[in-house]
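> Pasting a structure below so you can have a look.
The values are calculated or read from the model by the stated rules, or taken from the named source; none is laboratory data. Quantities reported herein were computed from a predicted structural model and do not represent experimental measurements. In this analysis, Cβ positions are derived from the backbone assuming ideal geometry, glycine residues included, and neighbour counts consider all displayed protein chains. When the accessible area is computed, the model is the full protein with side chains, heavy atoms only, and any ligands, DNA or RNA have been set aside. Shrake-Rupley method; radii C 1.70, N 1.55, O 1.52, S 1.80 Å.
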Protein chains: 2
Amino acid sequence: MILCDIGNTNATFLKDGKISRMSVDEFRRYEPKERVYFICVNDDLFAKLKSNPNFIDLEPYFEIDTIYQGLGIDRIAGCYGITDGVIVDAGSAITVDIMSNSIHLGGYILPGISSMLKAYEGISPRLKLPINSQIDIDALPQKTVDAVSYGILKPIVILLEKLAGNKKVYFTGGDGEFLSKFFKNAVCDKMLVFRSMQKLINNKKEILK
Amino acid sequence: MILCDIGNTNATFLKDGKISRMSVDEFRRYEPKERVYFICVNDDLFAKLKSNPNFIDLEPYFEIDTIYQGLGIDRIAGCYGITDGVIVDAGSAITVDIMSNSIHLGGYILPGISSMLKAYEGISPRLKLPINSQIDIDALPQKTVDAVSYGILKPIVILLEKLAGNKKVYFTGGDGEFLSKFFKNAVCDKMLVFRSMQKLINNKKEILK
């Protein structure tokens, strides 16, 4: 069985316990010979996904308790396995969702780190700068490269800390590990969404055989 | 006397107590017949500014007490008139600087609101959304349009509140008034930079005659 989590930039696969990745462009040419259970937030790919019966969309089977209108399936899947905690999926976008007693309390969306760097670059050539991954975000920046890195990281961290309180913060997605380093009570779990997909398939065995 | 604050997107003028604005493209064709005292962060315009002797650059005359390397002249000018406070210049970028006893303690840079909206749009067509200016940032978002507006505004507000403590927060720039509404201890001052430029000219009367 292959699991696949399709985002705006990449499709991430789990097969035999190993994670692999394909760009969305590569994915357009991918024709699996075996079943691929997927979730997908990329509207451009649904025509392709419908054309091959080996692709099985898990979206209709996921259910979480929320009043949020139009919660993306990636976020639903991230929350599905968590009873209490803050789920941070740091990819092209950074989504943050809060679960309490298996109820989704709401969430918000930030641009991902590479998207933020591009935004600075678009404002002025003076702000075309790399992220300083060693930055001390407890000190006020004293040069522009730090002023940008701090501007990206500090607001993310401070808001997450405030909202999380004593809850665990679960990081997943391409930048999840990097971001998790700025937190004490963090769990970094690249398998979070796949674990939820597997749990769903186990729960709905009679339908998803 | 004309004062002019040249940014990455617009040039803002003060003449006879009235503020007016010109896009950077319009500014390229602007040939003043009288003296224009200016500050400029847009490197592309310095050749033009040097070609007309009516343009007088105030940058060499501004001095503030800081260890920040390469602080932009717009930020220096914003801080120049403030003894104690947080200075937020919300334009193409949002710069935040902290002054304490006339010493600049450091600062950081965020993408401006329109730049953030563009960043979301670049991630996914699903995130091409306007800002909800009426959003209640004290409640967790329950729909995507709010998740984006919250993602833009809440991190800005929460970090500023934490850093400001009991200091006043001075907002200037095109989005300054909008942002100031989210704060209790806020002063909105479109004239902040011009007031500094005027103060400098008064202080350096013998040079800048």
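> So what is the relative contact order of chain A, in percent, for Cα pairs below 8 Å that sit 6 or more residues apart?
Numbers: 333 pairs, mean separation 34.1, N = 209.
It comes to 16 percent, rounded to a whole number.
> Within 10 Å of each Cβ in B:154-164, how many Cβ atoms from other chains are there, averaged over the peptide? Don't skip to the answer; put the middle values down first.
Values: counts 6, 10, 3, 2, 6, 8, 1, 1, 3, 3, 0.
Taking all residues of B:154-164 together, the mean is 4.
> Starting at the first residue of region B:48-65, write each ³J(HN,Hα) from the Karplus equation 6.51 cos²θ - 1.76 cosθ + 1.60 with θ = phi - 60°, in whole Hz, x for Gly and Pro.
Each residue of region B:48-65 in turn: 4, 5, 6, 7, 10, x, 6, 7, 10, 7, 7, 3, x, 9, 6, 9, 10, 7 Hz.
> So, one more: Which ³J(HN,Hα) values in Hz, rounded to whole numbers, follow from the phi angles of region A:105-114 under the Karplus curve 6.51 cos²θ - 1.76 cosθ + 1.60, where θ = phi - 60° and Gly and Pro get x?
With coefficients 6.51, -1.76 and 1.60, one gets 8, x, x, 8, 10, 10, x, x, 4, 5 Hz.
> Residue farthest toward the positive end of the dipole of chain B, with Cβ of Lys/Arg at +1 and Asp/Glu at -1: which of B:Thr83, B:Met191, B:Ile152?
Going by the charge dipole, the pick is B:Met191.
> Then there is this: Which GluC sites (Glu not before Pro) in region B:127-209 sit in a loop by DSSP (not H, G, I, E or B) and have at most 12 other Cβ atoms within 10 Å of their own Cβ?
Numbers: sites: B:Glu161, B:Glu177, B:Glu206; in loops: B:Glu206.
Hits after loop and neighbour filter: B:Glu206.
> What residue of chain B has the nearest C-beta to the axis that moves B onto A, and what is that distance in Å, given as a whole number?
B:Pro155, 2
> How large is the charge dipole for region A:82-190, taken about the Cα centre, if only the Cβ atoms of Lys, Arg (+1) and Asp, Glu (-1) carry charge, to the nearest 20 debye? Kindly include the intermediate steps, with their values, before the conclusion.
Numbers: 11 positive and 11 negative charges, 45 e Å.
So the magnitude is around 220 debye.
> Positive end of the charge dipole of region B:83-190 (Lys, Arg +1 and Asp, Glu -1 on Cβ, about the Cα centre): tell me which of B:Gln142, B:Asn166, B:Met99 has its Cα farthest that way.
Checking the options against the dipole of region B:83-190, the answer is B:Gln142.
> Apply the a/c threshold of 1.5 to the C-alpha gyration tensor of region B:2-57 and tell me whether it is rounded, prolate or oblate.
Oblate.
> Relative contact order for region B:2-57 using alpha-carbon pairs under 8 Å, separation at least 6, rounded to a whole percent? Show your work: numbers first, answer last.
Details: 83 pairs, mean separation 19.5, N = 56.
35 percent.
> At A:Gln198, label 7 Å along Cα→Cβ: distances to the other copies, nm, ascending?
Taking the point 7 Å beyond Cα along Cα→Cβ, the inter-copy spacings are 6.8 nm.
> I would also like to ask the following. Summing -39500 (n - 2.57) over the DSSP H runs of n ≥ 4 in the protein assembly as shown and dividing by its residue number, what mean residue ellipticity at 222 nm do you reach, to the nearest 500 deg cm²/dmol? Please list the in-between numbers first.
Values: 14 runs with 136 residues, N = 418.
When only DSSP H runs of four or more count, the value is -9500 deg cm²/dmol.
> On a C-alpha basis, how far is the centre of region B:134-148 from the centre of region B:166-205 in Å? Whole number, if you could?
Cα centroid of region B:134-148 versus Cα centroid of region B:166-205: 28 Å apart.
> Additional query: Got a number for the accessible area of A:Lys118? Probe 1.4 Å, square angstrom, nearest 10.
Surface open to solvent at A:Lys118 totals about 140 Å².
> Given Cβ point charges of +1 (Lys, Arg) and -1 (Asp, Glu) and nothing else, what value in debye, to the nearest 20, does the dipole of region B:131-209 about its Cα centre take?
On the way: 13 positive and 8 negative charges, 114 e Å.
Its charge dipole is roughly 540 debye.
> If you don't mind, another one. Please list, in chain and number order, the residues 5+ apart from A:Tyr170 or on another chain whose amide H is under 5 Å from its amide H, with Hs placed from the backbone.
The answer is A:Val86, A:Ile87, A:Val88, A:Val187.
> Output wanted: per-residue J couplings in Hz (rounded whole) for region B:185-197, from phi through Karplus 6.51 cos²θ - 1.76 cosθ + 1.60, θ = phi - 60°, x for Gly and Pro.
8, 10, 10, 9, 9, 5, 9, 3, 5, 5, 4, 5, 4
> While we're here: Ordered shortest first, which distances in nm separate the 7 Å Cα→C-beta label point of A:Arg35 from those of the other copies?
Copy-to-copy label distances for A:Arg35: 8.2 nm.
> OK, next. Please report, in debye to the nearest 20, how large the charge dipole of region B:2-57 is about its Cα centre when each Lys and Arg carries +1 at its beta carbon and each Asp and Glu carries -1 there. Write out the running numbers ahead of the final one.
Working: 9 positive and 9 negative charges, 36 e Å.
Dipole about the Cα centre, nearest 20: 180 debye.
> Still on this structure, please answer the following. Take the solvent-accessible surface of the protein heavy atoms, probe 1.4 Å, and return the percent of it on region B:2-57 that carbon and sulfur atoms account for.
Numbers: 1410 of 2990 Å².
Roughly 47 percent of what the probe reaches on region B:2-57 is carbon or sulfur.
> Full-extension gain between A:Asp44 and A:Glu177, please, as 0.36 nm times their residue separation minus the C-alpha to C-alpha distance. Let's see the in-between values first.
Details: separation 133, 0.36 × 133 = 47.88 nm, distance 2.84 nm.
Answer, rounded to one decimal: 45.0 nm.
> Please give every one of the lysines within straight-line cross-link reach of B:Lys162, meaning a C-alpha to C-alpha distance under 16 Å, and leave out same-chain neighbours fewer than 8 residues apart.
Cα-Cα hits under 16 Å: A:Lys154, A:Lys162, B:Lys154, B:Lys184.
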